[in-house]
Amino acid sequence: MTPQDFLAEAERRLTGAKYAVERATLQGVPAVIGRRKPFRIQWMLTQLKTSVVVCAVENVTAEGWLAFVADATRIAREIKGGLPNGLQSGYGAVPVLAGTTVEPAAAGIASQAQPKVEWFQGFAMPGLVDLTTRQEYGYNGKQLVGAIYVPFLRKQRSLITSIVR
């Protein structure tokens, strides 16, 4: 699967999951951004303004991976809109980066690093995909802060990372 095919399928899946989808450029690379603001009673009557940010590149390094996650999380925080973060409203960033090759250090970080949490505001649930080996990487351990949102955000991450299955 090529990076372009991955992006096209990500766009199709996000549209099918009722995301408002737009094309953008992130770090000079084509990106697909899906936005949605689901509301759940089990989330203590809050909205989680969710942004799924997807990029596909040739090579993923550890430094590139970390920079992508930081940029995608910043984008989610900035485009959230609405009430101030923390007042019955927060953001969830789901950055997914796919690469034709993924350096082992990047895969290790993606598998072991807990999601970045900004207290009472939002957090990121990143995913990494190796398009050649069809491996998916992302933290799947326990999450204390924001635990009520974790199943939803993992499902959104899987919506994109499962493209290679």
Where the second residue is part of a strand (DSSP E or B) and acidic (Asp, Glu) and the first is under 30 Å from Thr100 (Cα atoms) and lies in region 136-151, which pairs have Cβ atoms under 9 Å and are six or more apart or on separate chains? Glu136/Asp130; Tyr137/Asp130
Given the residues Leu153, Leu128, which is the only one that is crowded, with 21+ Cβ neighbours inside 10 Å, at pLDDT 95 or above and among the hydrophobic types (A, V, I, L, M, F, W, C)? Leu128
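The values are calculated or read from the model by the stated rules, or taken from the named source; none is laboratory data. These numbers come from a predicted model, not from an experiment. All Cβ positions, even for glycine, are placed from backbone atoms using ideal geometry, and neighbour counts span all protein chains on display.
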